[in-house]
Amino acid sequence: MDHPHGDDVTGRFAELVGRADDEIPLDEAAVLIAAHAYSGLDTAAVLVLLDELAGGCTAAGLDGLRHYLFDVLGFSGNTTRYADPRNSFLNDVLQRRLGIPISLAVVTMEVGRRVDVPFEGVGMPGHFLVRHASTPRVLLDPFDRGRILDEGDCEALYRSAYGASAAFDPSALAPVGKRAILARMLANLRQLYLTTGDVWSTGWVLRLRTTIPADSVSEMADAASAHAALGRFAEAAALLEDLADLLPDASAERARAEANLQRSRLN
C-alpha cells in the first residue's frame, strides 16, 4: 500500500466527522479511511460502485436485499484471513466481497439506504451487527451472510467472543451512531497495526482517530502513549500538548512536561 496523498484526505474526514451524527455520510467517511492506506484512491469511484450495486437490487424489501447482497453477490465474512487489513477497507470489501462484521455492516447499511431498506448499526462488543430500522426491528449478521438473529443468537455470539460465563446485557444490542461506527473501524485497524508492528499505518490511524470529536481525554492520552511506544515522539508530544489545553492547571502542567520529555527523545 502506498502512502496517503496529503492532508486533504485527513481534513475532509475531520470535516465529515465534525458534523451532526445524522448528517455524516458514512459511505464517504469509510472510503476516506481507505484512502489513507491507498494513495490516490478514487473515492468517488468507490461511491459510484455502491450506487451500481444498489441499482442491481431489483427485489423490494428486507428479504429482497438480503437475498441480493448475500446470495446473489455473495458478500460474506472472511473467516480464513480475518486479520487481513483489506477486510476493513470499503474499496476492497466491495471488490472482494469479503470483510469483517463492521465493514460488511457498512455495506449493508449503505446499499440498504440506497434502496429504501434502512438499517442501524448495532455495536455489540465482539461482533458488530445491523438491525432493520422498522417495527419489529430485525437483527442481521452481515458476517454470516445476512443471517437473521434473535436475542439468544446474539448472546451466543457474544459468549463465543468473551467466554461461556460472560454476562450478556441486552443493552449491547442498542443502535450506535455513525461517528461511533467510524471510531470502531479505526480502533480495529489500530489494534491490527499495533499487533503487526506497522508503525506508519498505526500513525495515520491514530491521527484519524483523534479527529473524531467524541474522543475523550483518556483516549487522547492512550493515543499519545501508543505513539510514544512506537517511537513517534513528535506525534506523542503534539497530542500531549493538545491534551494539556483540555485539562485543569495541575494536570495540564504534567501533560506539557510529558510532551517536553517526548520531544527531548528526538535528540
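Just a few scattered comments:
- Test for SER160: is it assigned to a helix (DSSP H, G or I) and under 19 Å from ILE100 (Cβ atoms): yes
- Of all the numbered requirements in (1) among the aliphatic types (A, V, I, L, M); (2) crowded, with 17+ Cβ neighbours inside 10 Å; (3) in contact with a Gly (Cβ under 9 Å, 6 or more places away or on another chain), VAL72 misses one, and that requirement is (2).
Here's the yes/no breakdown for (1) of a type in the set (Phe, Trp, Tyr); (2) at pLDDT 90 or above; (3) part of a helix (DSSP H, G or I):
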| residue | (1), (2), (3) |
| --- | --- |
| PHE143 | yes, yes, yes |
| ALA187 | no, no, yes |
| TRP204 | yes, yes, yes |
| GLU219 | no, no, yes |
| ALA226 | no, no, yes |
| ALA238 | no, no, yes |
| ASP242 | no, no, yes |
| LEU247 | no, no, no |
| ALA259 | no, no, yes |
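- Only one of the numbered conditions (1) among the small types (Gly, Ala, Ser); (2) part of a helix (DSSP H, G or I); (3) loosely packed, with under 15 Cβ neighbours inside 10 Å is not met by SER134, and that is (2).
- Failed criterion for ILE212 (all others in (1) surrounded by fewer than 16 Cβ atoms within 10 Å (Cβ to Cβ); (2) at pLDDT 75 or above hold): (1)
- Residues of the range 159-183 satisfying the condition of being under 30 Å from LEU230 (Cα atoms) and loosely packed, with under 15 Cβ neighbours inside 10 Å: ALA161, TYR162
- Qualifying residues in the range 123-133 (those that are within 16 Å of ARG145 (Cα to Cα) and in contact (Cβ under 8 Å) with a residue 40 or more places away in the chain) - the one nearest to the chain's Cα centre (by Cα): PHE128
- Taken over the range 72-98, the residue count meeting the criterion of being without any contact (Cβ under 8 Å) to a residue 60 or more places away in the chain and either hydroxyl-bearing (Ser, Thr, Tyr) or on the phi < 0 side of the Ramachandran plot (or both) is 17.
- Flag for TRP200 being more than 29 Å from GLU155 (Cα to Cα), surrounded by fewer than 16 Cβ atoms within 10 Å (Cβ to Cβ), among the aromatic types (Phe, Trp, Tyr) and modelled with pLDDT of 80 or more: yes
- Residue under evaluation SER171, criteria (1) in contact (Cβ under 8 Å) with a residue 24 or more places away in the chain; (2) more than 20 Å from the chain's Cα centre (by Cα), criterion not met: (1)
The values are calculated or read from the model by the stated rules, or taken from the named source; none is laboratory data. It should be emphasised that the depicted structure is a prediction, and the values quoted were computed from it without experimental measurement. Here Cβ is always computed from backbone atoms with ideal geometry, including for glycine, and neighbour counts include all displayed protein chains.
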